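Contents: one structure, followed by commentary.
The values are calculated or read from the model by the stated rules, or taken from the named source; none is laboratory data. Bear in mind that the values here come from a model prediction, so they are computed numbers and not experimental data. Note that we place each Cβ from the backbone using ideal geometry, even for glycine, and neighbour counts take in every protein chain shown.
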Amino acid sequence: MTTTQKYYLGAGAVVLAVLAGTVVAYPQLPNIVPVHWDARGHVNGWGPKSSLFLFGPGLMLLIVLMFAALPWLSPKKFEVDSFRATYLYIMIVTVAMLAYCHLLVLASALGMTLDMGRAIAGGVSLLIALLGNVMGKVRRNFFIGIRTPWTLANERVWNATHRFAAKTFFAGGLLGLLAVLLRAPFWLPMTSIPVAALVPVIYSLVFYKRLEQRGELN
């Protein structure tokens, strides 16, 4: 069995586990369940319990199928094959994050008291930190990474930006996770994640313009 097959089997197993958990919990769920929360963790959206199959295992399956299709859709010189192991790692941690969020939704629908805002913020912070671990290995493509006009235009800018983003993602995710665990003010994890993503975008522009001024663009 190839590494690619193992990753997809792993992702499929996570989807099936979430589907099984939803089926088991389904008879105990009320007909209308919370499906959306605001940044503070207050419920601001409701839906029929059947919608949990769509927003949980359904969405996860869609993500797996999308990751399976993107290598075929990638144009020449922008293939994901050049960083396939990293690509598959990103798929599995994304699916795992969705599974975690769905389990929180199920727990809330079953009447468990959760601080949903902090629980989601902690999970997203961990995801960002895990992505930071591999961001420097992501090669130029149209689907994953810091895709700005300047990174897509120049491979050197892409690589430098993603090495930089690896640091900001890991630091921002770790800071957000620690803020959640230490019950710091809620604005801290909600700020650290967008900043971790925005700073590399600015960096890509600055680095591109620096190379342009030096006449080093190719």
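A few notes on this one:
- Residues within segment 19-29 that are surrounded by fewer than 12 Cβ atoms within 10 Å (Cβ to Cβ) and either assigned to a loop (DSSP other than H, G, I, E, B) or basic (Lys, Arg) (or both), tallied: 0
- Only one entry of Gly122, Gly176, Gly145 meets the criterion of being at pLDDT below 95, closer than 25 Å to Leu73 by Cβ and buried (at least 19 other Cβ atoms within 10 Å of the Cβ), and that entry is Gly145.
- Number of residues in segment 71-88 that are of a type in the set (Phe, Trp, Tyr), surrounded by 12 or more Cβ atoms within 10 Å (Cβ to Cβ) and more than 12 Å from Arg140 (Cβ to Cβ) equals 1.
- Matching entry among Ala119, Ala129, Ala160 (being outside the structural domain of Tyr87 (by TED's automatic domain parsing), over 24 Å from Pro189 (Cα atoms) and either of a type outside the set (Val, Ile, Thr) or assigned to a loop (DSSP other than H, G, I, E, B) (or both)): Ala160
- Checking segment 93-112 against the condition returns no match, with no residue being closer than 25 Å to Ala153 by Cβ and either in contact with a Ser or Thr (Cβ under 7 Å, 6 or more places away or on another chain) or buried (at least 20 other Cβ atoms within 10 Å of the Cβ) (or both).
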